[in-house]
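Trainee: Mind having a look at this structure? Questions to follow.
Bear in mind that the values in this text are calculations on the coordinates, not laboratory data. In this text, all values refer to a predicted model and were calculated from it rather than measured experimentally. Because the Cβ atoms are built from the backbone with ideal geometry, glycine has one as well, and the counts that use them run over all protein chains shown.
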Amino acid sequence: MDQKYFVTQQRLETLKKELEDLKGPGSEDVASQLAAAIQMGDLSENAAYEDAKDKHAAINKRIADLEDIIANAVIIEATKSAMVNIGSRIKVQWADGKKEFTIVGSQEADPINGKISNESPLGRNFIGKKKGDKFSVIVPKGTVECKILEVM
């Protein structure tokens, strides 16, 4: 069964552009480096060849990953539900004050900027909650008591 990747339309377009770049200029550059390194002779002790081969493998892996993500992408639509779900913005009473989070797919997670993955322990705790719900969350610094103040 294929894994689903929850992304915004904007993120999907960014991933498609990256894939296009990797299949075009990115692959061509590495192919040229690989061809030049092969022409240097003995491949068993050729650092340029090993480097180009590693770059080629990394690009092919990223291309495969991007193709999988794009093929299995589920577009996140902003919701107006009373219950927290992927795409919800929430305001939470936290131990040290109020914080706002947006629940996103793992491809867009950016915790420093309040974008929490639905797959993260914190995101999984938020999913399904509604305004007024109180619960405990385990974070790196210990357990924190939370209360959902608003689902936007």
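Trainee: Would you mind computing, in nm to one decimal, how far apart the modelled labels at M152 and R124 are, each placed 7 Å from Cα along Cα→Cβ?
Mentor: 2.8 nm
Trainee: Need one number: nm distance between label points at K80 and R62, each 7 Å from Cα along Cα→Cβ, rounded to one decimal.
Mentor: If labels sit at K80 and R62, their model points lie 4.0 nm apart.
Trainee: With each pseudo-label sitting 7 Å past Cα toward Cβ, what's the E145-Q107 distance in nm, one decimal?
Mentor: Each label point is offset 7 Å from its Cα along the Cβ direction, giving 4.0 nm.
Trainee: Would you mind ranking M152, M83 by Cβ crowding within 10 Å, fewest neighbours first?
Mentor: M152, M83
Trainee: If you average the sequence gap of Cα pairs under 8 Å that are 6 or more apart and divide by the length of the chain, what percent do you get for the contact order?
Mentor: 23 percent
Trainee: Restricting the count to DSSP beta bridges whose residues both fall in the chain, what percent are antiparallel, rounded to a multiple of 5?
Mentor: That works out to approximately 75 percent antiparallel.
Trainee: Shifting gears a bit: Report the gain in length on full extension from K91 to K4: 0.36 nm times residue separation, minus Cα-Cα distance, nm rounded to one decimal.
Mentor: Stretched fully, the K91-K4 segment lengthens by 28.7 nm.
Trainee: For Cα extents along the principal axes in Å, which listed value, [x] 37, 32, 31; [y] 69, 32, 28; [z] 42, 30, 22, comes from the coordinates shown?
Mentor: Read-out taken from this structure: [y].
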